[in-house]
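Each value in this text was obtained by applying a stated rule to the coordinates, not by laboratory testing. Model, not experiment: these values are computed from the prediction. Quick reminder, even Gly has a Cβ in these numbers, built from the backbone with ideal geometry, and neighbours come from all protein chains shown.
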Amino acid sequence: MTKIEQEIAKRRTFGIISHPDAGKTTLTEKLLLFGGAIQTAGAVKSNKIKKSATSDFMEIEKQRGISVATSVMTFEYNDLKINILDTPGHKDFAEDTYRTLTAVDSVILVIDCVKGVEEQTERLMEVCRMRKTPVIIFVNKMDREGQNPFDLLDELEQKLMIKVRPLTWPINIGQNFKGVYNLYDKSLNLFSVNKTRIERDIVAIEDLNSPELDKQVGERDAHQLREDVELIEGVYDEFTAEPYLEGEVAPVFFGSAVNNFGVQELLDTFCEIAPATQERQTDVRIIEPTEKKFSGFVFKIHANLDPKHRDRIAFLRVCSGTFERNKFYHHVRLDKGVRFSNPYNFMAQSKDVIDEAFPGDVVGLYDTGNFKIGDTLTEGEELFFQGIPSFSPEIFKELINMDPLKSKQLEKGIQQLTDEGVAQLFMIQPGNRKVVGTVGELQFEVIQYRLEHEYGAKCRFDNMPISKACWITSENPAKLNEYIRLKGTQIAYDKDEHPVFLAESEWMLRMNIQNNPDIKFHLTSEFKLAVEA
Ligand code: G4P
C-alpha cells in the first residue's frame with residue numbers, strides 16, 4: 001500500500017445526528033471517552049445549544065462560536081483515525097446539518113427509546129437516504145420506560161424508510177433494564193447505573209439455553225430473551241456489511257449513553273464495519289480518494305465572533321490526494337490561486353496547525369471572504385463536487401433597508417452572510433427586491449443583529465406569503481421564459497441566477513406543477529428531487 005492508501009484505510013469520518021435531546025452530545029462525549037480522547041465526562045457539553053436559550057439568539061450565536069471547536073473532533077482508536085463531525089441539533093440550524101452530512105462517509109443516528117422517531121430525525125434521514133449514506137442506529141435511554149423494542153424497530157423501518165437489523169438486544173427496559181445480549185459475540189453485557197466508569201460486566205453465553213442465563217437475569221427475563229432472539233433470527237435477515245454500506249440496512253444497538261452502556265459495542269462495531277473514505281461525485285467525473293492530486297470542498301463556514309475581524313473559518317473536506325500547507329491550490333469558482341499558511345485540524349479539545357491532511361480529513365482554513373459553501377479547491381482541474389445543494393427554505397421575508405446611506409454595507413453584508421449559509425438570498429425583479437429564506441425564525445434575528453454589528457447596516461424584515469420555493473428548469477428554454485414572464489413577481493433568482501418559483505401554498509405549487517407539464521420543479525438547487533404532481 002502507498003502512504004496515501006494507508007492513510008485512507010485508517011480514516012472513518014462520520015456524523016452523529018438526532019432530534020434534540022435524544023442524547024447526541026452525551027454519546028459523542030462517551031465515544032471520545034471510550035476512544036481515550038478525553039479523560040473526563042462533561043468536556044464537550046459546551047457544544048450544546050440549550051433548549052432554554054432558544055429565545056436568546058445571542059446566546060445561541062455564542063454557543064455556535066464555542067461549537068466551532070467541537071465541530072470536528074478527531075481521535076485515534078485501534079489504529080484508526082476517527083473524525084466525528086458534530087451537527088447542530090437545533091431545528092433552526094437544520095441546514096447546517098444537511099450540509100455537514102455531505103462531508104461524512106457514514107452516520108450514527110441516536111434515537112430516544114421513549115420518544116421513538118421524531119420529526120427532525122425523519123428529515124435528517126431523508127438526506128442520508130438521498131445520499132445512500134450508511135447509517136448505524138443507537139437506541140438510547142434504555143434506563144427509561146421506553147417503547148417495546150419490537151415496536152420501536154417497526155417504527156424505525158416505517159418512518160425512516162430503511163430496513164433495520166438489531167445487533168444487540170435489550171433485556172427488559174426502564175427500571176428493570178438488565179442489559180443487552182450481543183447477538184454476534186453471544187455475550188451478555190449486564191447493566192448497572194454507572195456514569196463514570198467505562199469497564200463492563202460481560203458474561204459469555206454461547207448457548208442461550210444455558211442455565212447461566214437464568215442465573216444472571218432471572219428465569220422470566222431469560223425466557224423472554226430466548227423467545228425474542230428466536231423471533232429476531234426468524235424475522236430479520238442475517239447482518240452482512242454490504243447492504244449496510246449501500247445504505248439499505250441499518251444495524252441497531254441499544255444502550256444508555258449517560259450510563260456508558262452499550263457504547264463500547266457501538267464503537268467496536270463501527271470501527272469494524274463503517275466505511276473508510278469514499279469516492280465523491282463531481283459535475284465532471286467521480287473522484288477517487290486515492291488519486292494523487294488534491295481536491296476538496298467547503299461544506300461549512302463559520303464567522304469569527306469578534307465583530308472587529310471579519311475573518312471566518314471555512315471547513316474543507318479533503319476528497320483526494322494530500323492537502324499541504326503553503327501550497328497553491330486552484331479555487332475553481334474564483335479561478336485563482338490560493339494558499340494557506342495556517343491550516344488546522346481539530347483534535348478533541350484543541351486546534352493544531354497541520355502540514356498535511358488526507359482524504360476524509362476536515363481542515364479549518366482562515367478565510368477573509370474568498371469562500372462560499374460548495375466551493376472546490378483542486379490542483380488545476382475544473383470541477384465542482386455535487387451533493388451540496390441548497391434546500392428549499394421554509395420561511396421567507398423581504399429584506400428592507402432602513403438606512404439608505406448604508407445600502408452598500410447592507411448589500412455586502414447580506415451577500416457574505418448568505419455565502420456562509422446562514423440563509424438563502426433570492427432577488428425579485430423589477431426593483432432588486434431581496435427575499436431571505438431560512439428554515440427557522442431565529443436566523444432573521446441573527447442576520448439583523450450581525451448586519452448591524454458587523455456591517456453597520458440597519459434592516460427590517462417584512463413577512464411574505466410564501467411557503468415553498470422551487471427551482472425551475474425546462475428542456476424547452478422558450479417555455480421556461482414564457483412561464484417566467486407570466487409569473488412575474490412570483491419568480492425570483494437565487495445567487496447563481498437560477499430562476500425559482502415562489503409558491504404561496506402547497507396547493508398553489510401543485511396546481512402549477514399540474515398545469516405546466518413542460519416545467520420541472522425542484523426542491524433542491526441540485527435539481528435531483530423533482531416534485532411529483
Ligand atoms: P442532545 O445533544 O441530543 O440534545 O442530547 P444530550 O446529550 O444533551 O442529552 C439530553 C438529555 O438526556 C440530557 O439531560 C442527558 O443527560 C440525558 N441523557 C442522555 N443519555 C441518557 C440515557 O441513556 N438515559 C437517560 N435517562 N438520560 C440520558 P439533561 O437533563 O438535559 O442534561 P444534563 O443536566 O443531564 O446534562
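Tabulated data
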{"read-out": "Inter-probe distance in nm under a simple model that places probes 7 Å from Cα toward Cβ, at residue 441 and residue 220", "value": "4.8"}
{"read-out": "For residue 475, net neighbour charge (Lys/Arg +1, Asp/Glu -1) across residues whose Cβ lies under 15 Å away", "value": "0"}
{"read-out": "Which of 128, 114, 148, positive extreme of dipole for segment 98-159 (C-beta unit charges)", "value": "128"}
{"read-out": "Mean shadow area of the chain, taken as a quarter of the surface of its Cα convex hull (nm²)", "value": "26.0"}
{"read-out": "Mean-position separation - Cα centroids, segment 497-523 and segment 382-409, in angstrom", "value": "20"}
{"read-out": "DSSP-defined antiparallel bridges as percent of all bridges, the chain, nearest 5", "value": "75"}
{"read-out": "Estimated dipole of the chain in Debye, rounded to 20 [Cβ of Lys and Arg +1, of Asp and Glu -1, Cα centre]", "value": "2060"}
{"read-out": "Fully extended contour minus Cα-Cα distance, from residue 229 to residue 79, at 0.36 nm per residue", "value": "50.6 nm"}
{"read-out": "Dipole in debye (nearest 20) - segment 280-378, about Cα centre, beta carbon charges: Lys, Arg +1; Asp, Glu -1", "value": "260"}
{"read-out": "Spin-label model distance (nm) - residue 506 vs residue 487, 7 Å beyond Cα toward Cβ", "value": "1.9"}
{"read-out": "Segment residue 155-residue 403, length gained on full extension (0.36 nm per residue, minus Cα span)", "value": "84.0 nm"}
{"read-out": "Using a Förster distance of 41 Å, the FRET efficiency for residue 515-residue 281 (Cβ separation, nearest 0.05)", "value": "0.75"}
{"read-out": "Amide hydrogen neighbours beyond the local backbone of residue 296, cut-off 5 Å, H modeled", "value": "319, 377"}
{"read-out": "Per-residue ³J(HN,Hα) for segment 231-236, Karplus 6.51 cos²θ - 1.76 cosθ + 1.60, θ = phi - 60°, Hz, x for Gly and Pro", "value": "4, 4, 4, x, 8, 9"}
{"read-out": "Segment 489-500 - phi-based ³J(HN,Hα) in whole Hz, Karplus 6.51/-1.76/1.60, Gly and Pro as x", "value": "7, 7, 10, 10, 10, 7, 5, 9, 6, 7, x, 9"}
{"read-out": "Charged-residue dipole, Cβ positions (Lys, Arg, Asp, Glu), segment 390-533 about Cα centre, Debye nearest 20", "value": "340"}
{"read-out": "Label point distance in nm, residue 458-residue 184, each placed 7 Å from Cα along Cα→Cβ", "value": "6.2"}
{"read-out": "Table column - 3J(HN,Hα) (Hz), segment 433-442, Karplus curve with 6.51, -1.76, 1.60, x for Gly and Pro", "value": "6, 9, 10, 9, x, 9, 9, x, 4, 4"}
{"read-out": "Dipole of segment 280-378, positive direction: furthest Cα of 334, 363, 376, with charges on the beta-carbon", "value": "334"}
